[in-house]
1. Under the Karplus relation 6.51 cos²θ - 1.76 cosθ + 1.60, θ = phi - 60°, what is the ordered set of whole-Hz ³J(HN,Hα) values for region 82-95, x standing for Gly and Pro?
2. What distance in nm separates the simple spin-label points at SER7 and LYS43, each placed 7 Å from Cα in the Cβ direction?
3. At 1.4 Å probe size, with the rest of the protein present, what percent of the exposed accessible area of region 35-89 is carbon and sulfur atoms?
4. Using a 7 Å offset from the Cα along the Cα-to-Cβ direction at both ASN83 and SER114, what is the distance between the two label points in nm, to one decimal?
5. Trypsin sites (Lys or Arg not before Pro) within region 17-77: which are DSSP loop residues with at most 16 other Cβ atoms inside 10 Å?
6. Largest first and to the nearest Å, give the Cα extent of the chain along each principal axis.
7. What does the charge count near GLY65 come to, summing +1 for each Lys or Arg and -1 for each Asp or Glu among other residues with Cβ under 14 Å from its Cβ?
8. Students often forget the sequence filter, so: which aspartates and glutamates lie under 16 Å Cα-Cα from LYS43 once same-chain residues fewer than 8 apart are removed?
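The values are calculated or read from the model by the stated rules, or taken from the named source; none is laboratory data. All values reported here derive from a predicted model rather than from experimental measurement. Cβ coordinates were reconstructed from backbone atoms using ideal geometry, including for glycine residues, and neighbour counts include every protein chain displayed. The accessibility values were calculated without ligands, DNA or RNA, using every heavy atom of the protein model including side chains. Shrake-Rupley method; radii C 1.70, N 1.55, O 1.52, S 1.80 Å.
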Amino acid sequence: QVQLVESGGGLVQAGGSLRLSCAASGRIFSINRMAWSRQALGKQRELVASITSGGDTNYADSVKGRFTISRDNAKNTVYLQMNSLKPEDSAVYYCVVTQRPYDYWGQGTQVTVSS
């Protein structure tokens with residue numbers, strides 16, 4: 001079993017920045033993909049960004065140029081730097097870690113962007 005602990009959410013004004021962190025622990029052998037997903041109230045869950053073990057990244061069009069995903073393999077930690085935040089970025093953000101064949105989800109951290 002893999003446990004995930006997220007941190008860094010909160011309330012910020014539009015145009016501001018936040019940095020989310022997610023640390024994985026437990027029975028870790030070889031983490032493959034690490035990602036951030038979000039779900040706003042009344043909307044479908046959206047994959048925001050992902051990063052492979054080799055460092056290849058992928059972003060949703062809605063966050064390209066504003067968000068940056070990174071990972072520290074030695075610490076089994078993934079980060080999401082969020083800049084130029086918009087009210088539409090408000091959501092619960094979930095860390096998702098893949099250690100094949102399973103996906104593990106964090107408990108979620110609330111990000112609220114005020115206009």
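1. Couplings: 10, 10, 6, 5, 10, x, 6, 7, 4, 4, 8, 9, 10, 7 Hz.
2. 2.8 nm
3. Details: 1310 of 3010 Å².
Ligands and nucleic acids excluded, carbon and sulfur give 43 percent.
4. My value for the distance between the label points is 2.4 nm.
5. Values: sites: ARG19, ARG27, ARG33, ARG38, LYS43, ARG45, LYS64, ARG66, ARG71, LYS75; in loops: ARG27, ARG33, LYS43, ARG45, LYS64, ARG66, LYS75.
Taking region 17-77 and a limit of 16 other Cβ atoms within 10 Å, the loop trypsin sites (Lys or Arg not before Pro) found are ARG27, LYS43, ARG45, LYS64, ARG66, LYS75.
6. 43, 24, 23
7. Numbers: positive: LYS64, ARG66, LYS86; negative: ASP61, ASP89.
My count for the surroundings of GLY65 gives +1.
8. Excluding near neighbours in sequence, the set is GLU88, ASP89.
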